[in-house]
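Encoded as structure tokens, the structure appears first; notes follow it.
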Amino acid sequence: GEGVSIGHAIRLEEVMEGSSAIKLLIEALPDAALLLSTRENVWFANTAARDLLGAAQAQGPRSQFLRAPEIVDALEAAAGGEPRKIRYNERVPFDRWIEAHVAPLALDDEELQNLFLVVLRDLTKSERIERMRADFVANVSHELRTPLASLVGFIETLKGAARDDTQARERFLEIMDSQAKRMSRLVSDLLALSRIELDEHIRP
């Protein structure tokens, strides 16, 4: 909760005027990362961050890179020494979900009290997959519920009103057989999809 501690070796002029070591470190991070010199100024954004945010430059006003209100709130919390992990939705330039880790950098130098590291991760693909899964489960549930309801209804009828009706019994049994086979096909499809997911990284 106290941020990242950096030793006396880092001086004010190194950070604010452009330490190549710090830039190389941030550039090497696998995720999009930005170092802010204040809550309103991006000192350096790595290539991954510029690609994610559609920024042409590596530094500038925070509003050119990060505009979400959730980011502003997280930076405010980080200014008080509290790291934050947030998730927010962007509508522009297109609909996407982003996870952000915002942490203060605690430096020994008294002049450097407002440095913040922001690491971003695009969750759009995983969010879409989760929505597809939820829709898929809902659709499968509906597809199974319909033939099950038919089977239950026909069984109740055969046990009651159509107990001695030979013609009705034959007709109902044919429909029940058809509905049972439909459910069997659905279950087979589900098992096939499950096997495909398990083996998706294995070459055929």
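Taken over segment 80-97, residues that are open to solvent by 50 Å² or more (accessible area, probe 1.4 Å) and closer than 19 Å to residue 38 by Cα amount to 5.
So, residue 47, is that one touching a residue at least 60 places away in the same chain (Cβ under 8 Å) and among the polar types (S, T, N, Q) or not? Taking the combined requirement at face value, the residue does not satisfy it. Check whether at least one residue in segment 145-157 is farther than 30 Å from residue 54 by Cβ, in contact with a strand residue (DSSP E or B) (Cβ under 7 Å, 6 or more places away or on another chain) and of a type in the set (Gly, Ala, Ser), and report yes or no. Taking every residue of segment 145-157 in turn, none turns out to be farther than 30 Å from residue 54 by Cβ, in contact with a strand residue (DSSP E or B) (Cβ under 7 Å, 6 or more places away or on another chain) and of a type in the set (Gly, Ala, Ser). Restricting the search to strands (runs of 3 or more DSSP E) fully inside segment 1-65 and requiring at least 1 residues that are in contact with an Asp or Glu (Cβ under 9 Å, 6 or more places away or on another chain) and at pLDDT below 90 gives 4-6. Across segment 42-51, the qualifying residues are those that are open to solvent by less than 30 Å² (accessible area, probe 1.4 Å) and not small (Gly, Ala, Ser), and the one among them that is nearest to residue 119 (Cα to Cα) is 46.
The values are calculated or read from the model by the stated rules, or taken from the named source; none is laboratory data. Worth saying up front: this structure is predicted, and the values here are computed from it rather than measured. Every residue, glycine as well, gets a Cβ built from its backbone with ideal geometry; the counts of neighbours run over all protein chains shown. Note: accessible area is taken over every heavy atom of the protein model, side chains too, but ligands, DNA and RNA are not part of it. Shrake-Rupley method; radii C 1.70, N 1.55, O 1.52, S 1.80 Å.
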